[in-house]
């Protein structure tokens, strides 16, 4: 069935792509249909993918709003939705600003005063039938009705319950948006510059029932409407869902850079054009295309997408924007060569501690050796604690666990120590160490561990760079790639290698059964010693 498709559907006759999505069962009665169909208005498959992603996000946001039920629309939310009316009005009359019709800037500023009485409405209708000149109050009433009618479409398209309260709130925001657009067009007609569509809105008189609510909403807008606050709100939910601290830090840094670039911190003012300019700015500033795509744009899409789903923004300004990243040149193996591995381990063995802290000196002495024979990440070895090393039968084992610090997969694993590490004297170091972390001395809390690991990793990497200066091999990941290469040479099963290194299973069948300590010990036993003589 085509109803559950998550990609654009091409119409067999017209060739125009559509979004087709089955309506969830709990919403079918409310919507009166079993399937949503939205024309993407393009025959280009690449463009269809971009439009499909945006349309799908809007559709799911609308369904989320419908599930929320009759929630009063705040003034701030209404003004965000009304930004589209501002942009459309400017687009329609930008080339001929003096030709805008059906709107009066003077009358517009007086919209939504006390509702007209039945007698006033009948009198206005009679004057229109008689062909009499339109009075100012008639013009206000006509413009007010146009806004109220338009409000229905905006509310329905966003899945917001259309009751009288929400309809009037949305209508007021639409009136304000068009009024601002009209004033901007008037300036253009005089040859003056265009105003920014920022959050400065013309406030019409409040209805008594909404006045206090709007006052409270205005007081919270400074914090809740900021980009900085948005990423914090996203993180509260993402953290509970198991997202990593490193992801939060990356997204927070990206948002901070965006704020610095835009020179404001208001989410409602961010446009798709702003994100394009920011992308270009980052590339021109020296950031790699991969960093901008996988870090900057990915972070902004996620945070803004969350904001749309949670009715904090009307649309995602980063949606559909990407960068095509070409394949980088490969000038050498990603793993250390045998001679490089030997040189690093010799460098560690001969290292004489100077003024470094004792634990950092221990890290330079032992972490390269541990990485060489476990294929672990440098950070995973840096955060080892004394209690993470144990004897299992005749084997010595290190326990890599997210309880000690960040582990990419968030899954603990046991790694059997190679004979050469034991012969090198690691067990003597372990037995003489105090309880707690072996190579770092972090402050309390997860953040303290992360900072301590990052600092130590940078210094260990710099230590490795003293020997291996080739910039085409990573001083951290060079060991992981080499470990896999040697394992393949020794005909160790790939699943066992993945279990030792903490790589995810490649398919569902690999997720069945356990790779035991015995299996890992047999695999590690096949790894040859590294020549450090």
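Just one residue in the set 238, 229 is over 22 Å from residue 83 (Cα atoms), in a helix (DSSP H, G or I) and at pLDDT 80 or above; that residue is 238.
Filtered by the rule that a residue be surrounded by 11 or more Cβ atoms within 10 Å (Cβ to Cβ) and farther than 24 Å from residue 378 by Cβ, segment 496-524 gives 506, 510, 516, 518, 519, 522. Being at pLDDT below 85, touching a helix residue (DSSP H, G or I) at 6+ places or on another chain (Cβ under 8 Å) and more than 26 Å from residue 77 (Cα to Cα) is the requirement here; does residue 250 meet it? So residue 250 does not fit the description; no.
Here residue 339 clears all of (1) surrounded by 13 or more Cβ atoms within 10 Å (Cβ to Cβ); (2) over 22 Å from the mean Cα position of the chain (by Cα); (3) not in a loop (DSSP other than H, G, I, E, B) except the condition numbered (1). The number of residues in segment 264-282 that are surrounded by 14 or more Cβ atoms within 10 Å (Cβ to Cβ) and without any contact (Cβ under 8 Å) to a residue 24 or more places away in the chain comes to 2. The residues in segment 396-413 that are closer than 17 Å to residue 382 by Cβ and free of Cβ contacts under 8 Å to residues at least 40 places away in the same chain can be counted, and the count is 6. Take residue 410 and decide whether it is surrounded by fewer than 20 Cβ atoms within 10 Å (Cβ to Cβ) and farther than 24 Å from residue 517 by Cα. So residue 410 fails the test. The numbered conditions (1) assigned to a loop (DSSP other than H, G, I, E, B); (2) over 27 Å from the mean Cα position of the chain (by Cα); (3) at pLDDT below 70; (4) surrounded by 13 or more Cβ atoms within 10 Å (Cβ to Cβ) are all true for residue 42 except (3). Tell me yes or no: at least one residue of segment 432-441 is touching a strand residue (DSSP E or B) at 6+ places or on another chain (Cβ under 9 Å) and exposed (fewer than 14 other Cβ atoms within 10 Å of the Cβ). Checking segment 432-441: at least one residue is touching a strand residue (DSSP E or B) at 6+ places or on another chain (Cβ under 9 Å) and exposed (fewer than 14 other Cβ atoms within 10 Å of the Cβ). Can you name the residue in segment 420-437 that is assigned to a loop (DSSP other than H, G, I, E, B) and touching a helix residue (DSSP H, G or I) at 6+ places or on another chain (Cβ under 6 Å) and, of all such residues, is nearest to residue 356 (Cα to Cα)? Step by step, filter segment 420-437, then rank; the result is 433.
If you go through segment 297-317 one residue at a time, do you hit one that is closer than 30 Å to residue 422 by Cα and part of a helix (DSSP H, G or I)? So far as segment 297-317 goes, no, none of its residues is closer than 30 Å to residue 422 by Cα and part of a helix (DSSP H, G or I).
Look at (1) in a helix (DSSP H, G or I); (2) within 19 Å of residue 83 (Cα to Cα) and you find that residue 293 fails only one, number (2). Quick check on segment 378-389. Is at least one of its residues crowded, with 17+ Cβ neighbours inside 10 Å, at positive phi and either at pLDDT below 95 or outside the structural domain of residue 503 (by TED's automatic domain parsing) (or both)? Checked segment 378-389: no residue is crowded, with 17+ Cβ neighbours inside 10 Å, at positive phi and either at pLDDT below 95 or outside the structural domain of residue 503 (by TED's automatic domain parsing) (or both). One residue stands out in segment 442-458 among those that are surrounded by 13 or more Cβ atoms within 10 Å (Cβ to Cβ) and in contact with a helix residue (DSSP H, G or I) (Cβ under 9 Å, 6 or more places away or on another chain): the one that is farthest from residue 359 (Cα to Cα), namely 450. Quick test of your reading of the structure: residue 461 fulfils all but one of (1) under 29 Å from residue 342 (Cα atoms); (2) out of contact with any helix residue (DSSP H, G or I) (no Cβ under 9 Å at 6 or more places or on another chain); (3) in a helix (DSSP H, G or I). Name the failing condition by number. So residue 461 meets the others, but not (2).
The values are calculated or read from the model by the stated rules, or taken from the named source; none is laboratory data. A quick note: this is a predicted structure, and the numbers were derived from the prediction, not measured. Here Cβ is always computed from backbone atoms with ideal geometry, including for glycine, and neighbour counts include all displayed protein chains.
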